[in-house]
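Worksheet for the structure shown next.
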Amino acid sequence: MKLPQLSVFLENRPGSLMEPLKVLADANINLVSISLADTEQFGILRLVLKDWEFAKSVLEKDGWVVNVSDVVAVDVDDQPGGLAQMLGILAEAGINIEYMYAFALRRNVRAVLLFRFEDPDAAIEVLQKAGIGIVQEADMY
């Protein structure tokens, strides 16, 4: 299952990360997952939230540029080589990963990682055929 992810574009300066997060906090919106990437000029704040549509509207109303993209939450064996094995399956199928980040949800002996794939539907199909679990939206929140 694909999950919507918000990307918020930030200036690369002190305090810029706090500003959109305060807007969300003031609207009583809880974060499920967060990632920050930067360049010399700007940063990209990536968020997964239960009520992403409301969060998007709150941020845009406050003047933030927000993009919505799909990510896939993947159950990965939480042991040495678990991620490498899963990545090998994707590589063999020719699935390109644009980026990924860890998510603080542990399920028994599994870790959940969020992936942005060039073709998320193809990635989901390949992973499911290989017996790798895709975390459903209800399990994320």
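Details
- Qualifying position, being surrounded by fewer than 14 Cβ atoms within 10 Å (Cβ to Cβ) and out of contact with any Phe, Trp or Tyr (no Cβ under 7 Å at 6 or more places or on another chain), among Glu53, Glu11: Glu53
- Meets criteria (farther than 19 Å from Glu137 by Cα and touching a Gly at 6+ places or on another chain (Cβ under 9 Å)) for Leu36: yes
- Which numbered condition Ile95 misses (of (1) among the β-branched types (Val, Ile, Thr); (2) assigned by TED's automatic domain parsing to the domain that holds Val126; (3) more than 18 Å from the chain's Cα centre (by Cα)): (3)
- Verdict on Val23 being of a type in the set (Val, Ile, Thr), assigned to a helix (DSSP H, G or I), over 18 Å from Gly133 (Cα atoms) and modelled with pLDDT of 90 or more: yes
- Among the conditions (1) in the same structural domain as Leu36 (by TED's automatic domain parsing); (2) modelled with pLDDT under 90, Gly63 misses just one, which is (2).
- Exclusive hit being small (Gly, Ala, Ser), modelled with pLDDT of 85 or more, surrounded by 12 or more Cβ atoms within 10 Å (Cβ to Cβ) and in a strand (DSSP E or B), set Ala111, Ala73, Ala102, Ala123: Ala73
- Taking the conditions (1) in a strand (DSSP E or B); (2) modelled with pLDDT under 90; (3) not assigned by TED's automatic domain parsing to the domain that holds Leu6; (4) not small (Gly, Ala, Ser) in turn, Gln79 satisfies each one other than (1).
- Flag for Val48 being β-branched (Val, Ile, Thr), in contact with a strand residue (DSSP E or B) (Cβ under 9 Å, 6 or more places away or on another chain) and touching a residue at least 40 places away in the same chain (Cβ under 8 Å): yes
- Positions within region 36-54 being closer than 14 Å to Ser16 by Cα and not charged (D, E, K, R), in sequence order: Leu36, Ala37, Thr39, Gln41, Phe42, Gly43, Ile44, Leu45
- Residue among Leu36, Leu47, Leu6 that is assigned to a strand (DSSP E or B), outside the structural domain of Pro120 (by TED's automatic domain parsing) and surrounded by fewer than 17 Cβ atoms within 10 Å (Cβ to Cβ): Leu36
- Within region 50-68, the set of residues being out of contact with any Asp or Glu (no Cβ under 6 Å at 6 or more places or on another chain) and in a strand (DSSP E or B) comprises Asn67, Val68.
The values are calculated or read from the model by the stated rules, or taken from the named source; none is laboratory data. Here the structure is a predicted model, which is why all the values come from computation and not from measurement. No Cβ is skipped: glycine too gets one built from the backbone with ideal geometry, and neighbour counts run over all protein chains shown.
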